[in-house]
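Student: Can you read through this structure? Questions will come right after.
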Amino acid sequence: QVQLLESGGGLVQAGGSLRLSCSASGSIFGINAMGWYRQCPGKQRELVARIASITRTNYADSVKGRFTISRDNAKNTVYLQMNSLKPEDTGVYYCKLDASRRDYWGQGTQVTVSS
């Protein structure tokens, strides 16, 4: 059974920073990529950032230059450093693990950015 444990969400003022973490545990066969998605109020879930390797990352246009994704393969952990946060970044952030057999989702962590 694979579990994804997210942490780091919370309330922050506009311009502030937060760091999200997601650790995967259990029997994982072949991690292809890990990433973060978010669902903002009234919108569909969208990709925020994804990392397949240190040289293979992609970001949503809205977060480029502000967010940085990184990964610790030894710990099966992915991080999302979020700087210069804006109120429109408010939403539930979900961790996703793309494995060779199937994909896994975390339970989500709330990020609220006040203006």
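Student: Any idea how many residues of segment 26-63 are without any contact (Cβ under 8 Å) to a residue 60 or more places away in the chain, in contact with a strand residue (DSSP E or B) (Cβ under 9 Å, 6 or more places away or on another chain), closer than 24 Å to VAL2 by Cα and not in a strand (DSSP E or B)?
Tutor: Residues meeting the conditions: 3.
Student: Any chance you could count how many residues in segment 64-115 are open to solvent by 40 Å² or more (accessible area, probe 1.4 Å) and not in a strand (DSSP E or B)?
Tutor: Number satisfying all stated conditions: 16.
Yes/no per residue for (1) of a type in the set (A, V, I, L, M); (2) modelled with pLDDT of 95 or more; (3) surrounded by fewer than 14 Cβ atoms within 10 Å (Cβ to Cβ); (4) in contact with a Cys (Cβ under 8 Å, 6 or more places away or on another chain):
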{"residue": "VAL2", "(1), (2), (3), (4)": "yes, no, no, no"}
{"residue": "SER23", "(1), (2), (3), (4)": "no, yes, no, no"}
{"residue": "GLY26", "(1), (2), (3), (4)": "no, no, yes, no"}
{"residue": "GLY30", "(1), (2), (3), (4)": "no, no, yes, no"}
{"residue": "MET34", "(1), (2), (3), (4)": "yes, yes, no, yes"}
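Student: Given the residues ARG71, ARG101, which is the only one that is farther than 14 Å from GLY8 by Cα and touching a Ser or Thr at 6+ places or on another chain (Cβ under 8 Å)?
Tutor: ARG71
Student: Select from segment 75-96 the residues that are touching a Leu at 6+ places or on another chain (Cβ under 6 Å) and of a type in the set (A, V, I, L, M) and write down the one among them that is nearest to THR57 (Cα to Cα).
Tutor: Ranking the qualifying residues of segment 75-96, first place goes to LEU80.
Student: Would you confirm whether any residue within segment 61-82 is closer than 20 Å to SER25 by Cβ and among the aromatic types (Phe, Trp, Tyr)?
Tutor: Yes, the conditions are met somewhere in segment 61-82.
Student: While we're here: Check off (1) part of a loop (DSSP other than H, G, I, E, B); (2) at pLDDT 95 or above for LEU11 and give me the number that stays unchecked.
Tutor: The number of the failed condition is (1).
Student: Condition check: touching a strand residue (DSSP E or B) at 6+ places or on another chain (Cβ under 9 Å), among the hydroxyl-bearing types (Ser, Thr, Tyr) and without any contact (Cβ under 8 Å) to a residue 60 or more places away in the chain. Does SER23 satisfy that?
Tutor: yes
The values are calculated or read from the model by the stated rules, or taken from the named source; none is laboratory data. Since this is a predicted model, take the numbers as computed values, not measurements. As a convention, Cβ positions derive from the backbone with ideal geometry for all residues, glycine included, and neighbour counts pool all protein chains shown. Surface accessibility is based on the protein's heavy atoms, side chains included, excluding ligands, DNA and RNA. Shrake-Rupley method; radii C 1.70, N 1.55, O 1.52, S 1.80 Å.
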